Amino acid sequence: MRLTPRREEIEAVKALLESPDFDSADQMARAVIKEVAGILQMRDWVALVHTWSDGRKGLNWAPFGNESEARAFASKMAFGGAGRLVKLHSPGVMLANHNGKPGWKGYCQHPECGHAPFTHSAATAARGACQIPTCPCDGFRK
Ligand SMILES: [Zn+2]
Ligand SMILES: [Zn+2]
């Protein structure tokens with residue numbers, strides 16, 4: 001999983017590492033792993049979906065940090081068939097938009113929307129509008 005740590009992610013892990021509240025290294029390690037899992041849930045990933053050359057469903061792999069990482073894996077493994085890259089959106093971001101996450105800014109400011117940027121269409125007909133069927137939003141507002 002290729003990724004570049006973001007400033008706020010580094011700060012969250014640093015706060016745990018510098019905290020005097022842990023009684024043991026085990027306890028601190030547990031907290032760090034949970035924090036990092038939460039951080040990774042806030043990111044989008046790429047999956048490699050595979051079909052064997054006779055059309056049967058193949059083996060699927062994820063997560064990759066970006067498309068070039070998935071492509072590099074596919075060319076290294078080269079076991080035939082056809083591969084396709086699929087974007088996996090962050091359920092953490094959707095939940096944060098839905099439940100309200102303090103300090104989280106990645107959502108639409110439209111008063112009736114509030115969904116993540118990736119729910120907003122890039123297709124020409126409905127450009128910028130939210131794709132959630134119940135949402136009346138007509139364009140992403142930062
Ligand atoms: Zn929406
Ligand atoms: Zn919106």
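Could you tell me whether segment 22-35 includes any residue that is polar (S, T, N, Q) and in contact with a Pro (Cβ under 8 Å, 6 or more places away or on another chain)?
no
Does Arg2 satisfy being closer than 20 Å to Pro63 by Cβ and open to solvent by 80 Å² or more (accessible area, probe 1.4 Å)?
yes
Of the numbered conditions (1) free of Cβ contacts under 8 Å to residues at least 40 places away in the same chain; (2) part of a helix (DSSP H, G or I), Leu48 fails exactly one; give the number of that condition.
(2)
Do we find a residue being in contact with a helix residue (DSSP H, G or I) (Cβ under 7 Å, 6 or more places away or on another chain), of a type in the set (Ser, Thr, Tyr) and closer than 30 Å to Pro117 by Cα anywhere in segment 81-92?
Yes: segment 81-92 contains one or more residues that are in contact with a helix residue (DSSP H, G or I) (Cβ under 7 Å, 6 or more places away or on another chain), of a type in the set (Ser, Thr, Tyr) and closer than 30 Å to Pro117 by Cα.
Quickly run through segment 86-107 and pick out the residues that are modelled with pLDDT of 85 or more and part of a loop (DSSP other than H, G, I, E, B).
Of everything in segment 86-107, those that are modelled with pLDDT of 85 or more and part of a loop (DSSP other than H, G, I, E, B) turn out to be His89, Ser90.
Starting from residues that are open to solvent by 70 Å² or more (accessible area, probe 1.4 Å) and touching a residue at least 24 places away in the same chain (Cβ under 8 Å), keep the ones in segment 78-90 and report whichever is nearest to Met42 (Cα to Cα).
His89
Within segment 23-53, which residues are modelled with pLDDT of 95 or more and of a type in the set (D, E, K, R)?
Of everything in segment 23-53, those that are modelled with pLDDT of 95 or more and of a type in the set (D, E, K, R) turn out to be Asp23, Asp26, Arg30, Lys34.
Of the numbered conditions (1) within 16 Å of ligand 2 (Cβ to nearest atom); (2) modelled with pLDDT of 85 or more; (3) open to solvent by less than 60 Å² (accessible area, probe 1.4 Å), Glu112 satisfies every one except a single condition; which is it?
Single failed check for Glu112: (3).
Out of segment 10-41, which residues are of a type in the set (Gly, Ala, Ser) and over 23 Å from Phe64 (Cα atoms)?
Ala15, Ser19, Ser24, Ala25, Ala29, Ala31
Can you go through Glu69, Glu18, Glu35 and tell me which one is acidic (Asp, Glu), away from ligand 2 (no atom under 16 Å from the Cβ) and in contact with a Lys or Arg (Cβ under 6 Å, 6 or more places away or on another chain)?
None of the others qualify; the one that does is Glu69.
Could you please find all residues in segment 30-46 being open to solvent by 50 Å² or more (accessible area, probe 1.4 Å) and farther than 25 Å from Phe73 by Cα?
Arg30, Ile33, Lys34, Glu35
The values are calculated or read from the model by the stated rules, or taken from the named source; none is laboratory data. This one's a predicted model, so the numbers in the text were calculated from it and none came from an experiment. Quick reminder, even Gly has a Cβ in these numbers, built from the backbone with ideal geometry, and neighbours come from all protein chains shown. These area figures cover heavy atoms from the full protein model, side chains too; ligands, DNA and RNA do not enter into them. Shrake-Rupley method; radii C 1.70, N 1.55, O 1.52, S 1.80 Å.
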